[in-house]
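Structure first, then comments.
The values are calculated or read from the model by the stated rules, or taken from the named source; none is laboratory data. Just so we're clear, the structure is a prediction, and the values are computed from it rather than from any experiment. Positions of Cβ are backbone-derived with ideal geometry, glycine not excepted, and every protein chain shown enters the neighbour counts. When the accessible area is computed, the model is the full protein with side chains, heavy atoms only, and any ligands, DNA or RNA have been set aside. Shrake-Rupley method; radii C 1.70, N 1.55, O 1.52, S 1.80 Å.
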Amino acid sequence: MTPHLHQLYPELEHTLPHLSLGKSPTSVRRLTSLDSVAADLWVKDDSEFGDGGWGGNKVRKLEWLLPDALRQRRHTIVTVGGLGTNWGLATALYGRENGLKTVLALIDQPVDDHVRAQLERLRASGAKLYFTKTKGRTVLSAPYILARSFSGRRPPYFLPAGGSSAVGALGYVEAALEIAAQVRAGELPEPTHIVTPVGSGGTVAGLSLGMRLAGLSTRVVGVVVNDTLRLDEPTLAKLAARSAQLLRDRGARLPENITPAGNLDIVTDYLGSGYGYPTPEAGTAQTLSAALEHLTLEPVYTAKAMAALLDMNGQGRFGRGPVIFLNTNGPR
Ligand SMILES: Cc1ncc(COP(=O)(O)O)c(C=O)c1O
């Protein structure tokens, strides 16, 4: 299917390659049992995205990143994540299917059963793993890892944590255009807010730009779950601006006034002790979502975002809504 981004800007068709890795649109449905307080709640379930039904938000980014790496004739992707990185696993497996090797620098995070199982999957994925432990050591070892990842004279394709580059964020520009199409088709009302976790920021940056390009006034509420990266509003708005510039550089005639986006609300009150540390509120949100709405969340990202949504809704922060929860979880 032609992506919405190419439909909106046909001039990008030959300059910005896209590789379809998932079935879209992902479904939207009303959350009828959680919404007793103030706003109407909906979910857009990106857990369905990805061939074979796994990968979630990572796969939307890879739809633009993998063809960009291939266009630059790279053979290897180098990227970074925590020990249980969903991003690293998706890159390794979807990359492998498309002829790209993956090298991962892994930073320590609290180890539980989920992280242990994820590490086993990473080991089985064929990716080369470097256990760099801390952010500082990762930065120090980066030149060595990059030098070892050349394929002949070809440098590797480097991606920041979570694939949140200007190219990766296009996956969520596309998702915002998809939401706009679903609103036009009457599948859901125009949302006043969309709530989702912020791990490295590509998802919210893409949504922020995409909502503006789609002409929706929806505010993007990003719930920060990671304290190892700078994820404030100016930083994420800058990422959205870089994606806009990339589209312009590739020939898209974007309206002049769309950046900085100005539709991004970043909340930091639901992180708890840090990245990967569980919070009681997230535990409750995870249990309620599963029991009442058949919505499977995980503790690191989506349960914290849902805890934020429920709490903020209880405080009347969304008015009457409607509010969409974007489910980015896509377990394998
Ligand atoms: C389930 C899940 N949700 C959200 C995110 C964070 O998205 P972003 O890195 O675009 O902020 C991740 C990142 O790996 C994730 O695995």
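Within region 258-274, can you find the residues that are of a type in the set (Gly, Ala, Ser), within 17 Å of Asp232 (Cβ to Cβ) and surrounded by 14 or more Cβ atoms within 10 Å (Cβ to Cβ)? Give the derivation first.
Going residue by residue through region 258-274, those that are of a type in the set (Gly, Ala, Ser) are 261-262, 272-274.
Okay, now just the ones that are also within 17 Å of Asp232 (Cβ to Cβ), so 261-262, 274.
Hit for region 258-274 is Ala261, nothing else.
Which number in (1) touching a His at 6+ places or on another chain (Cβ under 7 Å); (2) under 23 Å from Ala90 (Cα atoms); (3) surrounded by fewer than 23 Cβ atoms within 10 Å (Cβ to Cβ); (4) charged (D, E, K, R) marks the one condition that Glu13 misses?
All conditions pass for Glu13, except number (2).
Residues in region 24-39 that are over 24 Å from Glu174 (Cα atoms) and open to solvent by 40 Å² or more (accessible area, probe 1.4 Å): how many? Before the answer, list the steps.
At the first step, the residues of region 24-39 found to be over 24 Å from Glu174 (Cα atoms) are 32-39.
Still in the running and open to solvent by 40 Å² or more (accessible area, probe 1.4 Å): 32-33, 36-37.
Number of matching residues: 4.
I need the full set of residues from region 117-136 which are more than 22 Å from the chain's Cα centre (by Cα) and open to solvent by 40 Å² or more (accessible area, probe 1.4 Å), in order please.
Within region 117-136, Glu120, Arg123, Ala124, Gly126, Lys128, Phe131, Lys133, Thr134, Gly136 meet the criteria.
Give Thr279, Thr287, Thr296 a once-over and let me know the one that is surrounded by fewer than 21 Cβ atoms within 10 Å (Cβ to Cβ), within 22 Å of Asp113 (Cβ to Cβ) and touching a Gly at 6+ places or on another chain (Cβ under 7 Å).
Numbers: Thr287 fails: touching a Gly at 6+ places or on another chain (Cβ under 7 Å); Thr296 fails: touching a Gly at 6+ places or on another chain (Cβ under 7 Å).
After applying the criteria, what remains is Thr279.
Report whether or not Leu209 is in a loop (DSSP other than H, G, I, E, B), within 16 Å of the ligand (Cβ to nearest atom) and not acidic (Asp, Glu). Step through it out loud before you land on a result.
Values: in a loop (DSSP other than H, G, I, E, B): no; within 16 Å of the ligand (Cβ to nearest atom): yes; not acidic (Asp, Glu): yes.
So Leu209 fails the test.
Identify, from the list Val103, Val28, Val37, Val80, the residue that is touching a strand residue (DSSP E or B) at 6+ places or on another chain (Cβ under 8 Å), β-branched (Val, Ile, Thr) and under 30 Å from Arg317 (Cα atoms). Full working, then the answer.
On the way: Val103 fails: under 30 Å from Arg317 (Cα atoms); Val37 fails: touching a strand residue (DSSP E or B) at 6+ places or on another chain (Cβ under 8 Å); Val80 fails: under 30 Å from Arg317 (Cα atoms).
Checking each option against the conditions leaves just Val28.
Taking into account only those residues within region 137-161 that are under 24 Å from the mean Cα position of the chain (by Cα) and modelled with pLDDT under 95, which is surrounded by the fewest Cβ atoms within 10 Å (Cβ to Cβ)? I'd like the intermediate steps shown before the answer.
Quick first cut of region 137-161, residues under 24 Å from the mean Cα position of the chain (by Cα) only: 138-139, 142, 156-161.
Those still in the list that are modelled with pLDDT under 95 too: 160-161.
Details: Pro160: 15, Ala161: 23.
The extreme case among them is Pro160.
Within 15 Å of the ligand (Cβ to nearest atom) and not hydroxyl-bearing (Ser, Thr, Tyr): which single residue out of Ala291, Ala252, Ala244, Ala307 fits that description? So that I can check it myself, show each step before the final result.
Numbers: Ala291 fails: within 15 Å of the ligand (Cβ to nearest atom); Ala252 fails: within 15 Å of the ligand (Cβ to nearest atom); Ala244 fails: within 15 Å of the ligand (Cβ to nearest atom).
Within the list Ala291, Ala252, Ala244, Ala307, the selection yields Ala307.
In region 163-179, what residues are near the ligand (Cβ under 9 Å from one of its atoms) and either at pLDDT below 95 or at negative phi (or both)?
Step one: of region 163-179, the residues near the ligand (Cβ under 9 Å from one of its atoms) are 163-164, 168-169, 171-172.
Correct list: Ser164, Gly168, Ala169, Gly171, Tyr172.
Would you be able to say whether some residue in region 239-256 is under 18 Å from Gly199 (Cβ atoms) and at pLDDT below 95?
No.
Which members of region 219-257 meet the condition of being in contact with a His (Cβ under 9 Å, 6 or more places away or on another chain), open to solvent by less than 10 Å² (accessible area, probe 1.4 Å) and touching a residue at least 60 places away in the same chain (Cβ under 8 Å)?
Val221 - this is the single residue of region 219-257 that is in contact with a His (Cβ under 9 Å, 6 or more places away or on another chain), open to solvent by less than 10 Å² (accessible area, probe 1.4 Å) and touching a residue at least 60 places away in the same chain (Cβ under 8 Å).
Pairs under 7 Å by beta carbon, first residue farther than 23 Å from Asp249 by Cα in region 151-166, partner open to solvent by 20 Å² or more (accessible area, probe 1.4 Å) and within 16 Å of the ligand (Cβ to nearest atom), six or more apart or different chains?
Ala161/Val80; Ala161/Ser200; Ala161/Leu229; Gly162/Ser200
Give region 180-196 a look and list any residue that's open to solvent by less than 10 Å² (accessible area, probe 1.4 Å) and either of a type in the set (S, T, N, Q) or within 16 Å of the ligand (Cβ to nearest atom) (or both), or say none.
Answer for region 180-196, where residues must be open to solvent by less than 10 Å² (accessible area, probe 1.4 Å) and either of a type in the set (S, T, N, Q) or within 16 Å of the ligand (Cβ to nearest atom) (or both): Gln182, Ile194, Val195, Thr196.
Are there any pairs with C-beta distances below 6 angstrom linking a residue in region 297-308 that is at pLDDT below 95 to a residue that is in a helix (DSSP H, G or I) and more than 10 Å from the ligand (Cβ to nearest atom), with the two at least 6 apart or on different chains, and if so which?
Filtered contacts from region 297-308: Pro299/Ala282.
If only one of Asp35, Asp68, Asp40, Asp51 is at pLDDT 95 or above and of a type in the set (Asp, Glu), which one is it? It would help to see each step written out before you state the result.
Working: Asp35 fails: at pLDDT 95 or above; Asp40 fails: at pLDDT 95 or above; Asp51 fails: at pLDDT 95 or above.
It is Asp68.
Which residue out of Gly95, Gly88, Gly52 is surrounded by fewer than 18 Cβ atoms within 10 Å (Cβ to Cβ), under 30 Å from His4 (Cβ atoms) and not charged (D, E, K, R)?
Working: Gly95 fails: surrounded by fewer than 18 Cβ atoms within 10 Å (Cβ to Cβ); Gly88 fails: surrounded by fewer than 18 Cβ atoms within 10 Å (Cβ to Cβ).
So the residue among Gly95, Gly88, Gly52 that is surrounded by fewer than 18 Cβ atoms within 10 Å (Cβ to Cβ), under 30 Å from His4 (Cβ atoms) and not charged (D, E, K, R) is Gly52.
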